[in-house]
Every structure is written in structure tokens, then in C-alpha cells.
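Data first, discussion second: the structure below is written as C-alpha cells.
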Amino acid sequence: MKINFNTTDIRNLVKKIIFIVISLIMLLLVIIGIRQSDFTKIKKYDTNDKSPRETVYNPNKITFNYYTTKVTLNDENSLANLGDFVFNVAGERKLIANISLKYKQKNKIEEWIKSDSDIREEIIKKSVILRDAIINTMIGSTDATVNSKRMRNDLKENINKNLSSGEIEEVYFNSFILQ
């Protein structure tokens with residue numbers, strides 16, 4: 001039995017072999033690159049608060065700043081900064097805001113038993129829940145503006161539903177951008 005090969009069959013076979021060899025070489029190069037990579041130098045998000053964000057301090061000048069979701073407490077003023085938020089409002093517009101909360105101990109009668117550290121610890125432990133309450137309030141609102149008293153009251157009510165040892169007295173927008 002004799003097999004007859006014509007030149008087009010040989011060319012197609014050679015093309016397929018070349019494609020397979022090149023593919024194997026590329027695969028080996030990727031494997032070698034991954035094995036020699038040092039993934040320990042990859043930075044984690046929100047460790048040093050160095051992820052970029054734009055903030056407007058002067059209407060004529062946009063300065064480079066950092067976006068954070070880290071919750072910080074200011075013991076002197078009883079303020080908790082919940083970090084930065086980005087909300088979709090009014091169709092395709094975005095509201096970028098940094099929000100702080102003024103907190104107080106719920107039971108002033110038991111002040112000699114409880115300390116302010118109870119509410120501070122609760123805010124830190126429930127930081128994700130409090131941020132979620134703010135996001136849900138802003139998303140569910142048709143009037144999502146920082147100047148609205150109703151919006152601030154809705155935010156206070158929804159956040160206070162999640163707190164047991166303290167309550168939020170006021171919601172402050174430290175900075176915001178409406179795009």
C-alpha cells in the first residue's frame with residue numbers, strides 16, 4: 001500500500017507542526033516567568049491608604065489624593081471617619097464623598113460603668129456594616145445630595161439601627177465631588 005502526499009498536504013502539516021512548536025515555546029516561557037516571579041512584593045489594598053483618588057479642594061484645581069475605606073476614630077471630637085464612598089446618583093452622575101460620624105454613648109446614666117471605648121470598639125468592629133448601611137441608604141434614595149437634611153437624617157437612622165452601645169448624633173460630608 002502506497003501513500004501519496006502532494007505538496008499542499010506537506011505544507012499544511014509543516015504549518016501545523018510550526019504552530020504547535022511555537023505554542024509550546026510560548027507556554028514554557030510563561031511557566032518560567034511565573035516560577036521566577038516574586039509575588040511577595042505585591043501590595044495589599046487598604047494597608048497604607050495609598051490607592052489613588054481625585055479630590056477637589058479648589059474648584060479650579062484638581063489635586064491627587066488617596067482613596068480609602070479604612071475607618072479611623074478621632075477621640076478628641078468623638079468623630080469616626082468611615083472613609084470614601086462612590087455612589088451612582090441621578091442616572092449616570094457619580095457622587096464621591098468622604099463621610100464622618102459624630103457619635104456619643106447611648107446611656108449617659110451608666111457613664112460611670114461604661115466608657116466611651118465601648119462605642120469606639122463597636123464602630124471599629126461594625127465598620128463594614130456601617131459602611132453598608134450608608135451605601136444602602138444612598139442607593140435607595142432618589143434625593144442623594146449632601147445638602148439634604150432628609151438624607152442626613154436617613155443616614156443617621158439607618159446607621160443607628162446597627163449600633164447598640166452608642167448612637168450617631170450627626171453625619172458630616174468632609175469632601176465630595178459630584179460628577
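The values are calculated or read from the model by the stated rules, or taken from the named source; none is laboratory data. From a predicted model like this one, the values you see are computed outputs, not experimental measurements. Glycine gets a Cβ as well: all are built from the backbone with ideal geometry, and neighbour counts include every protein chain shown.
Before moving on, here are some points about what is shown:
- Sole exception among (1) under 21 Å from the mean Cα position of the chain (by Cα); (2) at pLDDT below 85 for VAL128, by number: (2)
- Of all residue pairs spaced 6 or more apart or on separate chains, those with beta-carbon atoms under 6 Å, a first member in the range 61-82 that is among the basic types (Lys, Arg) and a second member that is modelled with pLDDT of 80 or more are LYS70/GLY83.
- Single match in ARG120, ARG152 (criterion: under 22 Å from ASN88 (Cβ atoms) and either touching a His at 6+ places or on another chain (Cβ under 6 Å) or at pLDDT 80 or above (or both)): ARG152
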